[in-house]
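Okay, so here's the structure we're looking at.
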Amino acid sequence: MIRIDSVTKRYPDGTVAVDRLSLEIPDRSITVLVGPSGCGKTTTLRMINRMVEPSEGTILIDGKDSRQQPVNTLRRSMGYVIQNAGLFQHRTIVDNIATVPRMLGWGKEKARARARELMERVGLDGSLAKRYPYQLSGGQQQRVGVARALAADPPVLLMDEPFSAVDPIVRKGLQDELLRIQDELGKTIVFVTHDIDEAVKIGTMVAVMRTGGKLAQYAPPAELLSNPADAFVEDFLGTDRGIRRLSFFPSAGLRLLTTPVVAVDATAEQIAARATAEAPYLLVTDMDGRPLGWSEPGDLTAGGVDPARLLPYGRPFVAGTDSLRAALDCAVLSPTGWAVGVDAEGRVTGVVSQQTIGEAIRGAHAKGRTDAEAAR
Ligand SMILES: Nc1ncnc2c1ncn2[C@@H]1O[C@H](COP(=O)(O)OP(=O)(O)OP(=O)(O)O)[C@@H](O)[C@H]1O
Ligand SMILES: [Mg+2]
């Protein structure tokens, strides 16, 4: 575990970049430092591997003062990833990744074999190995940066805005990849960003810092969203924090209805037996149970389903796996106000109304409050 204990950094010109910061960074999880520009995130990260020396306070690594370790040993145990990857432009991709193993004295072949293994791990095609960084897209370069940091298998990864320079779609891919790598390798990751959505998505713990290098709040994302410590944190989280918080509640408890679901070959009698006042629309599926669309009240009774007249069913949610936020989103986007729940294979398991989702949300909020009180 990394423990930052009342650490202050005062630069020679008098700037206090970090002010008496204390943080316990748990092992094998992702801790995110987030906050506005200039609040001391990079300084904090660099104090962990002693690229910057603290003015006061101590940083303990596995209980030992980091100053008692030779700086080279310390840095070797911590991979470092920066924005724009910071690759060596005159070296091929495979040799960029092999940099640290080579420095540690590995033979060329062994180091390159390791590099190729890591390319696969971070989702890079082996055919890119002999290219130079300028021949890669920004997102690919960023993956090379992550692979290079992982090359010597350090227990700790320090990442300073690693995904800030790529577009939102590539960024989402990189975030998912990082979560998968973290799952597989169990690294202790300290991740800096100024993007609160990124922090909430990937953080096990999130430290919100404010200008002047002070800690505003340190909590798991769900706790941050439900109980911001003060107006600064609340402001920083943004206006739709209630909606985003729903990402942390599973859809598993939602009661899905199967009565309003009919197969495309249903007879008029079968259909008539399905429509109710509570659920006036019927969802029509194909013979495999995959959704085709919604039928308006009355449309089906004439003698069977006319697929050409169905309303679009929108985007379904995976019932039980996806969050309440996903379920709500589907209902809001649906022309009928009902969300379609499917299983992992895309077969309909039932439908649920906005109203029922609303009740589940109120229940989840109430439970959140009780849990918070119990914790106090
Ligand atoms: N070498 C330095 N000498 C003097 N002041 C510095 C030095 N490096 C950083 N600072 C100042 O320390 C404060 C914190 O800087 P830091 O780079 O840690 O912020 P940051 O949170 O990473 O910001 P950003 O989000 O813009 O990257 C800023 O006011 C910055 O100007
Ligand atoms: Mg910075």
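Taking the conditions exactly as written (in the same structural domain as Leu237 (by TED's automatic domain parsing) and either free of Cβ contacts under 8 Å to residues at least 60 places away in the same chain or more than 14 Å from ligand 1 (Cβ to nearest atom) (or both)), does Gly57 satisfy them or not?
Spelling it out, Gly57 is indeed in the same structural domain as Leu237 (by TED's automatic domain parsing) and either free of Cβ contacts under 8 Å to residues at least 60 places away in the same chain or more than 14 Å from ligand 1 (Cβ to nearest atom) (or both).
Criterion applied to Thr258, Thr188 was being surrounded by 20 or more Cβ atoms within 10 Å (Cβ to Cβ) and either more than 16 Å from Leu324 (Cα to Cα) or of a type in the set (Lys, Arg) (or both), and the one residue passing it is Thr188.
Inspection of segment 228-239 finds a residue satisfying the criterion of being within 30 Å of Gln354 (Cα to Cα), among the aromatic types (Phe, Trp, Tyr) and within 16 Å of ligand 1 (Cβ to nearest atom).
Against the test of being within 28 Å of the chain's Cα centre (by Cα), at positive phi and basic (Lys, Arg), the options Arg20, Arg3, Arg46, Arg28 yield a single qualifying residue, Arg28.
Residues checked against (1) touching a helix residue (DSSP H, G or I) at 6+ places or on another chain (Cβ under 9 Å); (2) part of a loop (DSSP other than H, G, I, E, B); (3) not assigned by TED's automatic domain parsing to the domain that holds Gly337:
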| residue | (1), (2), (3) |
| --- | --- |
| Ala199 | yes, no, yes |
| Ala216 | yes, no, yes |
| Leu224 | yes, no, yes |
| Ala229 | no, yes, yes |
| Glu234 | yes, no, yes |
| Thr239 | no, yes, yes |
| Asp265 | no, yes, no |
| Ala277 | no, yes, no |
| Met287 | no, yes, no |
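Any chance segment 147-164 includes a residue that's buried (at least 21 other Cβ atoms within 10 Å of the Cβ), in contact with a Leu (Cβ under 9 Å, 6 or more places away or on another chain) and over 26 Å from Pro26 (Cβ atoms)? Scanning segment 147-164, I find no residue that is buried (at least 21 other Cβ atoms within 10 Å of the Cβ), in contact with a Leu (Cβ under 9 Å, 6 or more places away or on another chain) and over 26 Å from Pro26 (Cβ atoms), so the answer is no. The selection criterion, being buried (at least 22 other Cβ atoms within 10 Å of the Cβ), in contact with a Gly (Cβ under 8 Å, 6 or more places away or on another chain) and in contact (Cβ under 8 Å) with a residue 40 or more places away in the chain, holds for Ile196. Of all residues in segment 1-54, exactly one satisfies the criterion of being within 12 Å of ligand 1 (Cβ to nearest atom), of a type in the set (Lys, Arg) and surrounded by fewer than 16 Cβ atoms within 10 Å (Cβ to Cβ), namely Arg10.
The values are calculated or read from the model by the stated rules, or taken from the named source; none is laboratory data. Everything quoted here is computed from the prediction, not taken from an experiment. Positions of Cβ are backbone-derived with ideal geometry, glycine not excepted, and every protein chain shown enters the neighbour counts.
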